[in-house]
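A short worksheet on the structure shown next.
The values are calculated or read from the model by the stated rules, or taken from the named source; none is laboratory data. None of these values were measured; they are calculated from a predicted model. No Cβ is skipped: glycine too gets one built from the backbone with ideal geometry, and neighbour counts run over all protein chains shown. Ligands, DNA and RNA are stripped out before the accessible areas are found, and what is left, the full protein with its side chains, is counted by its heavy atoms. Shrake-Rupley method; radii C 1.70, N 1.55, O 1.52, S 1.80 Å.
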Amino acid sequence: MIVVTGATGNVGRTLVRLLAEQGHEVTALSRRITQADVPPGVHAVAADLAGLAADLPATADAVFLLVGGDLMMSGDPAAVVAPFAHYGKIVLLSSQGVVTRPDSLSHGQAFAAYEQAVMDSGTDWTILRPGGFASNAYAWVPSVKASRTVAAPFGDVGLPAVDPDDIAAVAAAVLTRSGHTKAVYELTGPAPTTPRERAAALAAAIGEQVTFVDQTREEARAQMLTFMPAPVADTTLDIIGTPTPRERTVSPDIEKILGRPATPFTDWARRHAAVFA
């Protein structure tokens, strides 16, 4: 049995499918999940990580642990991890910010606290630290659909955004194979791409011109504040505007684990073109 939390998200949904296709018994957990959201044979559990112990399987070989939102920022890491401590393995989805932004509460400190709780749990563990997700481009869906435009700051600053499906494939590998105990992996895309280049990739994917519009930091911050707290917005803008050398660096870990290169943003754009068309 493998338990997948965050099972309806960009990583979790693909991970559940991969594990089911490999023949594993899977319990998929998310706040509002239903059986219609999972493949046949997967058990769906609608529950919150803040109080779910009674809803969990009594035993499991491994759990994929994704902690997000308010719980990441204000939850008790030890209490959240405790219900999984008797499972065979915990694979935690953390963040590259633990090492690149250690002073940031939202991008470094909060994730570091959960990493420590997992390491202190007494069970086997593996930590996955992705950088920025390719799926962050979903924020451009409304403007691409409405006016064939993408507005973003720092249009020529490149970062190696990672495909969430690659994260899911790595998670499936470390959940089900030996050799990853007490390992920490950084997950990135295969090459840095700029917002301007990502907009061009979306244009190619939908077969229509998409105009890139340069935003100022202040314009982007005002937009971000409509859906995220100010400290999160400020650190996010620091990352995409003045990334550290490590945030710009391509990690070899996806290729090392999967035996193939990480997926480029152009491929992600082609797979999701219908969302933007």
Subject >> Contour minus Cα-Cα distance for ARG32 and MET73 (0.36 nm per residue) >> reply: 12.7 nm
Original post:
If you work out Cα Rg over 2.2 N^0.38 Å from the coordinates, which of (1) 2.09; (2) 1.20; (3) 1.00 do you get?
Top reply: (3)
**OP:** At a Cα cut-off below 20 Å, give the aspartates and glutamates reachable from LYS145, other chains included and same-chain residues fewer than 8 away excluded.
**Re:** GLU197, GLU208, ASP214, ASP267
Subject >> Rg over Rh, two decimals, the range 98-147 (C-alpha only, Kirkwood Rh) >> reply: 1.21
**OP:** Provide Rg over Rh for the range 1-120; use the alpha carbon set for both Rg and the Kirkwood Rh (inverse mean inverse pair distance).
**Re:** 0.97
**OP:** Using only the C-alpha atoms of the range 119-277, find the volume of their convex hull and express it per residue in Å³.
**Re:** 128 Å³
**OP:** Would you mind telling me the share, in percent, of accessible area of the range 139-265 contributed by carbon and sulfur at probe 1.4 angstrom?
**Re:** 56 percent
Original post:
Where both partners of a DSSP beta bridge lie in the chain, what percent of those bridges are antiparallel, to the nearest 5?
Top reply: 5 percent
Subject >> Three principal axis lengths of the range 83-198 [C-alpha, angstrom, descending] >> reply: 52, 31, 25
**OP:** Mind listing the long-range amide H neighbours of ALA7? Cut-off is under 5 Å, sequence gap 5 or more, other chains count too, H placed in the peptide plane at 1.01 Å from N.
**Re:** LEU29, SER30
**OP:** With both partners inside the range 58-206, how many of the DSSP beta bridges are antiparallel, as a percent to the nearest 5?
**Re:** 5 percent
**OP:** Run a plain Debye calculation on the range 161-252 (Cα atoms as equal point scatterers, no solvent) and give log10 I(q)/I(0) at q = 0.12 Å⁻¹, rounded to two decimals, same order as the q list.
**Re:** -0.58
Subject >> Backbone N within the range 253-271 under 16 Å of label point (7 Å from ASN136 Cα along the Cβ vector) >> reply: 265-266, 269
Subject >> Proximal lysines relative to LYS256, as straight alpha-carbon distance under 28 Å, when same-chain residues fewer than 8 apart are discounted >> reply: LYS89, LYS182
Original post:
Whole-Hz Karplus ³J(HN,Hα) for the range 73-78, in order, using 6.51 cos²θ - 1.76 cosθ + 1.60 and θ = phi - 60°, x for Gly and Pro?
Top reply: 7, 10, x, 9, x, 4
Original post:
Size of the dipole of the chain about the Cα centre, Lys and Arg at +1 and Asp and Glu at -1 on the beta carbon, nothing else charged, in debye to 20?
Top reply: 460 debye
